[in-house]
Amino acid sequence: YDNFRLMGEHTILNMTNGKGEKHTIVCHPQSNTEFLSPIAFKTNNYAMYCVIGTFLVGRDRSGKLIGGIDLSRLLELNPHCSVQFSIGEAGGMVYLENGTAVAPCRMFGARDFETGALVKCAPSPGSLVDCACYAFEGDRGWFLMTLRNGATLTNWCIVLNSEGEIINWTSAPAGSDGWLGEIHGNCTYDASLMTPTKAGIVQVEIKNKEFTVLKIANTEGFVDAQTRLLSGNEWEIYAVKPDGIMRLDFI
């Protein structure tokens, strides 16, 4: 598979077959497997979201269209950018990137698609190498990026509130052993960012506008820095590794 997401009891995958043909596949334990034209998608426990043409649209578990956002004006103003987005249970964020910079982006409601605040991004000290967004649980979202400055790669984490304002930010050398050594594979859990490290799962929170880091007990050995975490239903996180998928319950 090239990419996959969990949505309730559905598993949605992007796959390339032996002929090089790409498909999006929707699997459900009690219904037939559905094959769709290839799309870039993301999910939460309520719906699947994807960009089709110049629209960001969402469909609930039954396939019903729940809303959409017209991105044509953003694309007209930024003709050399591609549309990216991230989604959480409460809301999401749209942003544009062209490989060297991230354009201002907007938040939106996950269920009503009501567009919200323009994100006020901090200046980026370097050229963009990669980025990831984990949004939006509670009143905040997490925007992570890797920037190149000369021969140095640095990972940055910017935490935003629902008004698009920066709560705090921090950075770490790319590939380092801490929670910000990698920017992919994380997930949000309530208002926290859960990150896999070789020492186990680390829970990162903002308290009084400051970062607090807590290692989750008894998770060492189950994950490493290359594990991908996916949030499931309440109290659940899935750890995806090359040799299988594990469900971790936090009670």
Task: Residues with amide H under 5 Å from that of residue 132, placed H, sequence gap 5 or more - done: 144, 145
TODO: Taking amide H positions as placed in the peptide plane 1.01 Å from N, state which residues far from residue 232 in sequence (5 or more) or on other chains have amide H under 5 Å from it.
DONE: 237, 238
- [ ] Take the alpha carbon atoms of segment 187-251, find their center, do the same for segment 142-162, and report the distance between the two centers in whole angstrom.
- [x] 20 Å
- [ ] Counting only C-alpha contacts under 8 Å and six or more residues apart, can you give the relative contact order of segment 147-200 as a whole percent?
- [x] 23 percent
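Per-residue counts of other Cβ atoms within 10 Å, averaged by peptide: what ranking do you get for 202-212, 140-150, highest first? Intermediate results must be reported in sequence, preceding the final value.
Numbers: 202-212: 14.1, 140-150: 19.5.
For the peptides 202-212, 140-150, the packing ranking is 140-150, 202-212.
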Task: Cα-Cα over 23 Å, subset of 215/241; 42/64; 42/207; 198/241 - done: 42/207
TODO: Kindly put 176, 231 in sequence by how many other C-beta atoms sit within 10 Å of each C-beta, fewest to most.
DONE: 176, 231
Task: Relative packing of 188-199, 76-87, 161-172, which averages over residues the other C-beta atoms within 10 Å, highest first - done: 188-199, 76-87, 161-172
Task: Amide hydrogen neighbours beyond the local backbone of residue 220, cut-off 5 Å, H modeled - done: 201
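Computed from the coordinates by the stated procedures, all read-outs in this text should not be read as laboratory data. What you see is a predicted model; the values in this text were computed from it and never measured. Cβ coordinates were reconstructed from backbone atoms using ideal geometry, including for glycine residues, and neighbour counts include every protein chain displayed.
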